[in-house]
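Just so you know, all these numbers are worked out from the coordinates, no wet-lab data involved. Here the structure is a predicted model, which is why all the values come from computation and not from measurement. Cβ placement follows ideal geometry from the backbone for every residue including glycine, while neighbour counts extend to all protein chains displayed.
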Amino acid sequence: MLDGQLVAIFGRVFGSIYLPATLHKRTMAYDGDGNPTATATDYLCKAQMDSVTENMRSAAGYTENDVSIYILAHNLPVSVSSDDEITLKGRRWSLQGPNQDPAGAYWLCRGQLA
């Protein structure tokens, strides 16, 4: 992973061209009897949408409406998981197969309309 200062520089440079988005982080809480309750916490972030990659096209569950979503890691205090959703360009997307780049600067996910 890049040194934190380099990740910050990457975030500042691309943050100006990435769009404002909201990551909806879903977590499960359990009561004393073991009953689950889903809760969501929202995190403001920067993201960009693009065409899907060939790997995404060949993945299980792919649809023609899927998109690639790049989420900047800079200033995002949580990791992205496939339990999460994101609101980007006025639409809500579920995130599939999130992968962080080797430098730790962004997450790449396949987005499906939620």
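Remarks
- Furthest towards positive pole of dipole, 56, 87, 109, structure part the chain, Cβ charges: 87
- Using every pair of distinct Cα positions in segment 23-105, the Kirkwood expression returns a hydrodynamic radius of 14.3 angstrom.
- Rounded to the nearest Hz, the phi-derived 3J(HN,Hα) couplings of segment 86-93 under the Karplus curve 6.51 cos²θ - 1.76 cosθ + 1.60 (θ = phi - 60°) are 9, 9, 9, 6, x, 10, 9, 10, where x marks glycine and proline.
- Only helices enter the 222 nm calculation for the chain: every DSSP H run of n ≥ 4 contributes -39,500 (n - 2.57), and dividing by all residues gives -4000 deg cm²/dmol, rounded to 500.
- Taking the average, over residues, of other Cβ atoms within 10 Å as the packing measure, peptides 21-28, 43-50, 54-61, 66-73 rank 66-73, 43-50, 21-28, 54-61 from highest down.
- Remark: the chain carries a charge dipole of roughly 360 debye about the Cα centre, counting +1 on each Lys and Arg Cβ and -1 on each Asp and Glu Cβ.
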